[in-house]
1. Pairs K23/K73; K23/K86; K25/K52; K52/K73; K36/K86; K36/K103: which exceed 22 Å Cα-Cα?
2. Figure the gain on full extension for S9 and S82 (residue separation times 0.36 nm, minus the Cα-Cα span) and round it to one decimal in nm.
3. Under a point-charge model restricted to the Cβ atoms of Lys and Arg (+1) and Asp and Glu (-1), what is the dipole moment magnitude of segment 23-103 relative to its Cα centre, in debye to the nearest 20?
Amino acid sequence: MRNNVFLYSDCPMHRSMAILGTKWKPILIWALRDRKARFGQIAAAVGLISRKVLTTTLKELEEDGVVMREEFKELPPRVEYSLTEKGLALIPVMLQLVDWDRKYFATHSGPKLGSNQLF
């Protein structure tokens, strides 16, 4: 379970990082930036995340109002995830991070981790 101490802080950076401050949350937000996706599609796009961490992270993003989980009463059952208005408002921030990365790390020649399907 996560620690909500920063969520109730007077500092806007503490509050923001309480929502975004794990390794996977910004990556999941980016993966959902322009589409709805099912759990398996998200897992395939992100790659190196375990199913347990993906489940927990999606649940936390849903609790924070960043991601919407939509259940369809079908056989077999189907669930889709998408960004809420609050989540979509983060996309310009994510785009700035992409620009920052391209400016300062474009020449980095370290090992590549899997196929880069998110970008």
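1. K23/K73; K52/K73; K36/K103
2. 23.5 nm
3. So the dipole magnitude of segment 23-103 works out to roughly 280 debye.
Values quoted throughout were computed directly from the atomic coordinates according to the rules given, and no laboratory measurement underlies them. Model, not experiment: these values are computed from the prediction. As a convention, Cβ positions derive from the backbone with ideal geometry for all residues, glycine included, and neighbour counts pool all protein chains shown.
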